[in-house]
Amino acid sequence: RKPPAISRQTQQMESAVKLQELQAALESTRTDAEAARSEAASAEARVAAQPSPTAGPGVGVMSAGTQEKLASLQGKVQRLGSCEEQARASADQFRELRGAIQKLCLKHHVGLGEAASQDLLTPLDAELARLKGEQAGAGEEAKVAREQLQKHQELAAVLRHSLNEAEDKVKRLTSECKELDNRGSADLFKLQTKLQEAELQASQTSGSLKAEAESCRRRCDEAEERSRQMQPRIERLDAQLRALEEQFAEEQKLRKKYHNQIQDMKGVIRVFCRFRPMIAREDGESPALRRVDAMSVEITRPPPHTDVRPFGFDSVFDSDSTQEEVFADCRELVQSAVDGYNVTIFAYGQTGAGKTHTMYGTPQQPGLAPRSIQCLFDIMKKETPRGKTFKVKTYMVEVYKQDILDLLADKPPPSKDGKTAKVGLEVKKDLGRGMMYVEGVKEKVVTTPEELMATLNEGEKKRHVTATKMNSASSRSHLLLSIIIECTVKDTGQILYGKITLCDLAGSERPKKSEVSGDALKEAIEINKSLSALGDVIEALTKGSKSIPYRNHKLTMLMQDSLGGSAKCLMFVNCSPAGSNYEETMMSLKWASRARQVTNDVKRNADSKEVARLKQVISMMGQAQNAESILDDQPQPGEGAGGDAQKGSMMDLEMAMNATMRG
């Protein structure tokens, strides 16, 4: 029997209907997946926009809208799962349909050709493959959506935990705030109570303070009134105080003056102490020497020691003393020289202590020598109208090493070997006048202070000096300027002989400090030897020794009439105030203290007219004897012209002697 007829069109229509239903279900599933994906993305964005749950109290709280969106997303994910199930079911139905078709064809022996069967099944296979692909994509999307949902749920759990912590903190802070409010209220109450008490106390004390202020005002007015009444008395007391200060200053001057006069009458060597200011290379050092009053100083031993030793002198000049103030205490010695006394002023101290500045100074600040010269001629100018005539001579020598050099002598002729020969001089003593003099020295007669100053400058330029570490112009010799004054009184014929010797001693030095070498080192050794000899003389004089070692050095021979002789002597001890020179300053002060104990036999060199005439005759006789001895050693007068000249000189000398004796 023939199988029932099955229309190919009917089968195709049924397959088409099934395919449309599957396509509609798949499209719905795709739409739901897209919506779920967009909802998940928006939820991620909102969650990312929310603060971190660890940001602190009050943050990380999920809003109601976010919770609703999360619930909607969960529903759509569930629907997406059901759609996926439906798609699987449709695919299964399609496979069953295909199998049923194939069975029907076999059952009813429908002779579908291979091509027709392939044409009928090919669209179904393609649609089935597409549905499987879309199903796989929907499954992946659903898996991603589930993972996102799980993340959102975890984040929601974290946010809930943060919310709980924040709520706990809020509760705790609220409790603390309440506690602080309660405590603040209590403190405020206490402060208000104290304020009320303070206001009450202030109101209570205000009256008493006003009364006290009024009392003080009355007392102040009374004090001002008394002050106005006392003002004239205060002004009188101020005037009296100023007058007393001036009187005290004058008394100090008179005290020094009378003290010096007494010392002069006793013949005691006067010692003045002077110390210079601190210089650049001593910056940072503390001064060790200070002036206590007008006649005493104190020297302090540098740290770590603190012992202080005082020294007393006839006058003390500190770094603020001027050259004029220094000379004011020496002016009377110039008058003594005009009155016929031998006067010596010398400066002693270590190198660089200011001796040359004290003795000679600068053109802007002249020292003792220039001021003494001007003062001498001022005195002579005043005495001349009183019937006195003056004759002034000067010589200038230096003791260099072991030699006495004449600084005013003409340059000696060169010797045979072409070198300039140094003329050494000898020291002699005028037994009649008790004065030391240098034999053969050139004495220059001067008539004006300018001429004498020019002579001083001429000799000073020839002095030996060199640069050392302690002094840029260190004196390497002892410089002596002697000014001889011969005063004749017309009324009585009396002749007065005075001499001023200004001695600038070379400074004692330690080669280790001055860092000298070669010739300068030899000079330093000779200087220290001469000063040691001077110290030996002073020590012998203070001990009253019978033998005084004047002849140990030419310096002590030159100063014989100044130390233990017949001269009025003034010594300056120049010191450095720096602590680094403590030992040298201490030695100088001790040396000067010993010198204060030396006493001279001061005498006035005055001759009557007759004695002066006899001394002149004796002097001329001595010159005649010297001339005769020279004639005995020379050829006879007839043997040459030299004899005639010497004979004429002898005749002139004899005539002068006769005239003097007749006078």
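The values are calculated or read from the model by the stated rules, or taken from the named source; none is laboratory data. No experiment lies behind these values; they were computed from the predicted model shown. Cβ: placed from backbone, ideal geometry, glycine included. Neighbour counts: every protein chain shown. Ligands, DNA and RNA are stripped out before the accessible areas are found, and what is left, the full protein with its side chains, is counted by its heavy atoms. Shrake-Rupley method; radii C 1.70, N 1.55, O 1.52, S 1.80 Å.
Some notes on this structure:
- Relative contact order computed over region 440-593 (Cα-Cα under 8 Å; 6+ residues apart), in percent: 13
- Dimensions of region 149-293 from C-alpha coordinates, computed as largest minus smallest value along each principal axis and given longest first, are 128, 61, 20 Å.
- Lysine pair count for region 480-535 [Cα-Cα under 18 Å; pairs on different chains or 8 or more apart]: 4
- Around the amide H of Thr344, modelled in the peptide plane, lie the amide H atoms of Thr501, Lys568, Cys569, Leu570, all under 5 Å away and 5 or more residues distant in sequence or on another chain.
- Whole-Hz ³J(HN,Hα) from phi, Karplus 6.51 cos²θ - 1.76 cosθ + 1.60, for region 311-327, glycine and proline x: 9, x, 9, 6, 6, 10, 10, 9, 5, 8, 6, 8, 5, 5, 5, 5, 5
- Carbon and sulfur %, accessible surface of region 530-596 computed with the full protein complex present, 1.4 Å: 46
- Between region 518-596 and region 482-502, the alpha-carbon center distance in angstrom: 29
- Proximal lysine pairs, region 274-414, alpha carbons under 26 Å, eight or more residues apart or interchain: 8
- Sorting 245-254, 562-571 by average packing, meaning the other beta carbons within 10 Å per residue, from highest down gives 562-571, 245-254.
- Contact order normalised by residue count of region 523-570, Cα under 8 Å, 6+ apart, percent: 30
- Element breakdown for region 270-323 at a 1.4 angstrom probe: carbon and sulfur atoms account for 51% of the accessible area.
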